[in-house]
């Protein structure tokens with residue numbers, strides 16, 4: 001028998017897609033959510049623009065966002081970020 005509270009906590013953790021991201025990737029995603037370009041992210045984090053682009057690519061891949069002509073994956077990533085934050089804050 002497993003404590004129901006333990007199961008609930010595991011399910012909450014497994015439902016947060018941001019858990020897959022590294023700390024740096026979460027920082028980059030927060031900057032994307034603020035509307036920053038890859039160049040501005042690179043300047044803010046004092047990394048190369050190539051490194052910033054690599055982080056963005058990793059975020060999009062880890063969040064398993066679809067590549068289609070009808071969607072903007074950066075916007076989908078921000079929506080995922082906002083939803084995870086709202087779920088994490090209890091609302």
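With both labels modelled 7 Å from their Cα along Cα-to-Cβ, the residue 61 to residue 44 distance reads 2.3 nm.
The label-point distance for residue 22 and residue 71, in a model that sets each label 7 Å from Cα toward Cβ, rounds to 2.5 nm.
Only the coordinates and a few stated rules stand behind these numbers; no lab work does. Predicted model, so just to flag it, every value in this text is computed and none were measured. Neighbour counts run over all protein chains shown; Cβ positions are idealised from the backbone, glycine included.
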